[in-house]
Amino acid sequence: MTGGLLWGLTGLALLDSINAATIWIVIVILLGARRPAPTGWAFMLGAAASFLAFTLLFYFGLSFADSVFDGVSLWLRRLLFAGLAVALAVMGARRLRPRERKGFTLPPWVNAWSALPFGVLATAGDLPNAFPMVLAVERLIDAGVAAPIAVIVLVGYTLVYALPSALILAAGLAFNEELREQLQSMLSGHTTGTAPPSPKTAAACFAGAAASLAVLLLWVG
């Protein structure tokens with residue numbers, strides 16, 4: 001485990017932690033749950049535990065596949081950057097036209113007892129966006145990091161992944177009255193009305209797609 005690899009994995013974990021789905025659900029729980037504290041922490045436990053479980057399952061599955069079939073991790077890396085380029089290009093195209101924002105409300109069955117499995121379901125549904133985790137696992141395997149060390153690193157990766165949502169939950173619980181109006185404004189601004197075209201965001205997405213293709217051709221290929 002080199003310092004460069006560790007810093008790279010930390011960067012991927014920070015990128016993974018900017019998880020809009022989990023963060024918005026935490027905000028919705030703060031605003032709409034009957035008992036936001038136990039509901040929020042149960043949700044976070046379910047989300048973090050399931051993310052770690054999926055990550056470890058993927059790590060050991062890919063490790064086994066790589067030991068049986070030579071070059072599996074290389075093809076995974078190629079697919080990852082090709083898929084990322086396509087996803088960013090599609091996202092950029094969508095930002096060039098108006099979009100109806102999708103509202104989100106807390107399902108009525110979510111409470112302090114059901115929030116943990118709800119966190120598991122939410123994390124499972126958001127796995128297609130977890131490309132930084134996939135790349136982190138591939139980097140660990142490609143670097144030949146021993147399994148016990150890799151597991152410890154992936155536990156730390158999960159903690160970093162959950163940190164922003166946990167901090168928002170803690171701040172919302174501690175300063176509920178002071179932050180409630182701001183949280184409601186943030187939620188309404190991202191889940192209601194029509195989003196206008198955003199050429200700057202589209203340009204950033206297209207630049208990201210081009211960078212992904214460059215990495216695919218120059219580094220991965």
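Return yes when Gly46 is part of a helix (DSSP H, G or I) and either among the hydroxyl-bearing types (Ser, Thr, Tyr) or under 30 Å from Ala174 (Cα atoms) (or both) and no when it is not.
Details: part of a helix (DSSP H, G or I): yes; either among the hydroxyl-bearing types (Ser, Thr, Tyr) or under 30 Å from Ala174 (Cα atoms) (or both): yes.
Yes; evaluated as a whole, the condition is true for this residue.
Between a residue in region 70-99 that is exposed (fewer than 15 other Cβ atoms within 10 Å of the Cβ) and any residue that is among the polar types (S, T, N, Q), which pairs come within a Cβ distance under 6 Å, given they are 6 or more apart or on different chains?
Filtered contacts from region 70-99: Pro98/Thr194.
Filter region 189-221 for residues that are open to solvent by 40 Å² or more (accessible area, probe 1.4 Å), part of a helix (DSSP H, G or I) and closer than 19 Å to Lys102 by Cα; which is modelled with the lowest pLDDT?
His190
For the condition more than 18 Å from Pro164 (Cβ to Cβ) and at pLDDT below 75, what is the one hit in Leu56, Leu74?
Result: Leu74 is the single residue among Leu56, Leu74 that is more than 18 Å from Pro164 (Cβ to Cβ) and at pLDDT below 75.
Which condition number does Ile149 fail, the rest of (1) under 15 Å from Ile29 (Cβ atoms); (2) open to solvent by 40 Å² or more (accessible area, probe 1.4 Å); (3) in a helix (DSSP H, G or I); (4) of a type in the set (Val, Ile, Thr) being met?
Here Ile149 meets the rest and fails (1).
Give region 107-146 a look and list any residue that's at pLDDT below 80 and within 19 Å of Leu30 (Cα to Cα), or say none.
Those that are at pLDDT below 80 and within 19 Å of Leu30 (Cα to Cα): none in region 107-146.
Please determine whether any residue of region 114-128 is open to solvent by 50 Å² or more (accessible area, probe 1.4 Å), in contact with a Gly (Cβ under 7 Å, 6 or more places away or on another chain) and outside any helix (DSSP H, G or I).
Step one: of region 114-128, the residues open to solvent by 50 Å² or more (accessible area, probe 1.4 Å) are 116-117, 120-121, 125, 127-128.
The next check asks that each one be in contact with a Gly (Cβ under 7 Å, 6 or more places away or on another chain); those that pass are 116-117, 120.
Of the ones still in play, those that are also outside any helix (DSSP H, G or I) are none.
No, region 114-128 has no match at all.
Could you check how many residues of region 22-36 are open to solvent by 40 Å² or more (accessible area, probe 1.4 Å) and assigned to a helix (DSSP H, G or I)?
Residues flagged as open to solvent by 40 Å² or more (accessible area, probe 1.4 Å) and assigned to a helix (DSSP H, G or I) within region 22-36 amount to 2.
Considering only residues that are surrounded by 14 or more Cβ atoms within 10 Å (Cβ to Cβ), within 19 Å of the chain's Cα centre (by Cα) and in a helix (DSSP H, G or I), which ones fall in region 129-146?
Residues of region 129-146 that are surrounded by 14 or more Cβ atoms within 10 Å (Cβ to Cβ), as a first pass: 130-143, 145.
Checking the rest, the ones that are also within 19 Å of the chain's Cα centre (by Cα) come to 130-140.
Phe131, Pro132, Met133, Val134, Leu135, Ala136, Val137, Glu138, Arg139, Leu140, listed by residue number.
Determine whether Gly46 is buried (at least 18 other Cβ atoms within 10 Å of the Cβ) and touching a residue at least 40 places away in the same chain (Cβ under 8 Å).
Judged against the criteria, Gly46 is a match.
Please specify each residue of region 58-113 satisfying the condition of being among the basic types (Lys, Arg) and either in contact with a Pro (Cβ under 8 Å, 6 or more places away or on another chain) or within 30 Å of Pro36 (Cβ to Cβ) (or both).
Passing the criteria: Arg95, Arg97, Arg99, Arg101, Lys102.
Could you say whether any residue in region 166-188 is within 15 Å of Leu52 (Cβ to Cβ), modelled with pLDDT of 85 or more, assigned to a helix (DSSP H, G or I) and open to solvent by 30 Å² or more (accessible area, probe 1.4 Å)?
no
If I filter region 147-165 down to residues being within 14 Å of the chain's Cα centre (by Cα) and small (Gly, Ala, Ser), which single residue comes out as nearest to Ala47 (Cα to Cα)?
The residue in question is Ala162.
The values are calculated or read from the model by the stated rules, or taken from the named source; none is laboratory data. What you see is a predicted model, and the numbers here were worked out from it, not measured in a lab. Neighbour counts run over all protein chains shown; Cβ positions are idealised from the backbone, glycine included. These accessible areas exclude ligands, DNA and RNA; they are computed on the full protein's heavy atoms, side chains included. Shrake-Rupley method; radii C 1.70, N 1.55, O 1.52, S 1.80 Å.
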